[in-house]
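Bear in mind these aren't lab numbers, they're just calculated from the coordinates by the rules spelled out. Predicted model only: the values in this text are computed from it and were never measured. Cβ placement follows ideal geometry from the backbone for every residue including glycine, while neighbour counts extend to all protein chains displayed.
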Amino acid sequence: MSEVQGTVEFSLELHKFHNVDLFQRGFYQIRAGLKVSPRVPHRVIATTQDNAGKTDDCSFSSAGVYDGTVFSRIFQILYRNEEIAVNDCMIFKVHLLLDGERVEEALSEVDFQLKLDLHFTDNEQQ
């Protein structure tokens, strides 16, 4: 059995955030992570378009990566139906070790799960 390395890349682009029914004024941040089924040996590399190649880069005014999770810049929501330009790009590269005899079949059996979280605080210092 020969093994080959396959790479799958996911790009999540956040263009704008439209506040439909958030009732609390405050500061918000979107966080994303990618989970891959443990049945296949793999390595996930998370980056942002601004910080390509850098990991564990932390800044509140721009997108960044910390501990495999990508986060957007922090933005403030004040009003209902408010629209905020986010313009962040989150990139996940997954390197997989696949059976060389059945690459397509092995790749189709891999389970990818994208996790998105919306975080909130009403205190600018947090």
Summed side-chain charge close to residue 37 - residues other than residue 37 whose Cβ falls under 12 Å, Lys, Arg +1, Asp, Glu -1 = 0
Collect residues whose amide H, placed 1.01 Å from N in the peptide plane, falls under 5 Å from the amide H of residue 100; neighbours closer than 5 in sequence don't count.
-> 2, 3, 4
Hey, can you rank 79-89, 26-36 by average C-beta count inside 10 Å, highest first?
-> 26-36, 79-89
Could you work out which residue, out of 102, 43, 25, moves most in a Gaussian network model of the chain, that is, has the largest mean-square fluctuation with Cα springs under 10 Å?
-> 102
Counting all Cα-Cα pairs in the chain, those more than 22 Å apart amount in percent to 45
Could you please report the charge total around residue 108, scoring K, R as +1 and D, E as -1 over all other residues with beta-carbon less than 14 angstrom from its beta-carbon?
-> -3
Would you mind calculating the relative contact order of region 3-121 from Cα pairs under 8 angstrom and at least 6 residues apart, reporting the percent as a whole number?
-> 44
Total formal charge among the other residues, if their Cβ is under 12 angstrom from that of residue 5, Lys/Arg +1 and Asp/Glu -1 | 0
For residue 113 and residue 8, compute 0.36 nm times the residue count separating them, minus their Cα-Cα distance, and round to one decimal in nm.
-> 36.5 nm
For the pair residue 97 and residue 75, what calculated FRET efficiency results from E = 1/(1 + (r/R0)^6), where r is the Cβ-Cβ distance and R0 = 41 Å, to the nearest 0.05?
-> 0.60
